[in-house]
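Any read-out appearing in this document is the output of simple, stated calculations on the displayed coordinates, not a laboratory observation. Since the model is a prediction, treat every value here as computed from it, not as a measurement. Positions of Cβ are generated from backbone atoms using ideal geometry, with glycine treated the same way; all protein chains shown enter the neighbour counts.
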Amino acid sequence: MDMVQTTLCYLERDGQYLMLHRVKKEVDINRDKWIGIGGKFEDRESPEDCALREVREETGLTMTDYRYRGIVTFVSDRWPTEYMHLFTCTGWTGTVNPDCDEGELAWIGKQDLLSLPIWAGDKIFLELLDSDAPFFSLKLVYTGETLTQAVLNGNSIL
């Protein structure tokens with residue numbers, strides 16, 4: 001299996017994140033889950049290039065104030081290993097495109113995120129983002145959709 005490189009960005013305003021409810025594609029690893037904005041790298045892209053492009057394509061917004069927060073390594077018994085470059089963004093230009101090809105976009109209060117259908121490992125990095133943790137490396141190991149191991153900066157936390 002090949003490794004996959006992706007980005008994920010959480011656009012933030014007034015205690016909310018712009019979230020994507022993945023409901024439009026029948027075959028989707030994130031089907032019915034709520035996730036941030038992002039996607040796979042294209043040839044010759046840096047993490048920043050990919051994040052900027054994916055946010056623009058999925059939301060219509062152009063990021064102007066963003067931060068590279070960490071890298072998340074997903075290991076699964078079902079899918080190739082994925083290296084996800086994680087960003088947050090607090091400044092942009094444009095208006096949200098109401099017709100996203102990937103799913104439904106919505107501003108969700110940070111306090112409400114954990115009650116939505118999200119991946120168990122997302123809860124870990126969302127808490128790291130919320131606590132303004134320094135740049136981190138997080139490894140998440142899944143068996144099916146069950147999180148079986150989490151390693152933060154080389155130390156097991158699950």
Checklist entry - How high is the relative contact order of the chain, in percent, counting Cα pairs under 8 Å that sit 6 or more residues apart? => result 26
Checklist entry - When the dipole is taken about the Cα centre of segment 48-158, and only Lys, Arg (+1) and Asp, Glu (-1) are charged at their Cβ, what size is it in debye, to the nearest 20? => result 440
Item to check | Reachable aspartates and glutamates from residue 139, criterion Cα separation under 12 angstrom, eight or more residues apart if same chain | outcome: 82, 122
Item to check | Cβ crowding within 10 Å averaged over residues, with 66-72, 117-123 ranked highest first | outcome: 66-72, 117-123
Item to check | Shape metrics for the chain, restricted to C-alpha atoms - Rg then Dmax, Å | outcome: 14.7, 41
Item to check | Estimated FRET transfer efficiency (residue 115, residue 46; beta-carbon r; R0 41 Å; 0.05) | outcome: 0.75
Checklist outcome for this item: Computed over the chain: longest principal axis from alpha-carbon atoms vs helix 47-59 long axis, angle to nearest 10 degrees, is 60
Next on the checklist: Can you give me the angle between helix 120-130 and the longest principal axis of the chain, using Cα atoms only, in degrees from 0 to 90, rounded to the nearest 10?
Outcome noted: 60
Checklist outcome for this item: Put in order of increasing Cβ neighbours within 10 Å, starting from the fewest, 11, 147, 52 give 147, 52, 11
Checklist entry - Dipole of segment 4-156 (Lys/Arg Cβ +1, Asp/Glu Cβ -1, origin at the Cα centre): which of 105, 129, 143 lies farthest to the positive side? => result 143
Checklist entry - Counting each DSSP H run of 4 or more residues in the chain as -39500 (n - 2.57), what helix-only mean residue ellipticity at 222 nm follows after dividing by all residues, to the nearest 500 deg cm²/dmol? => result -4500 deg cm²/dmol
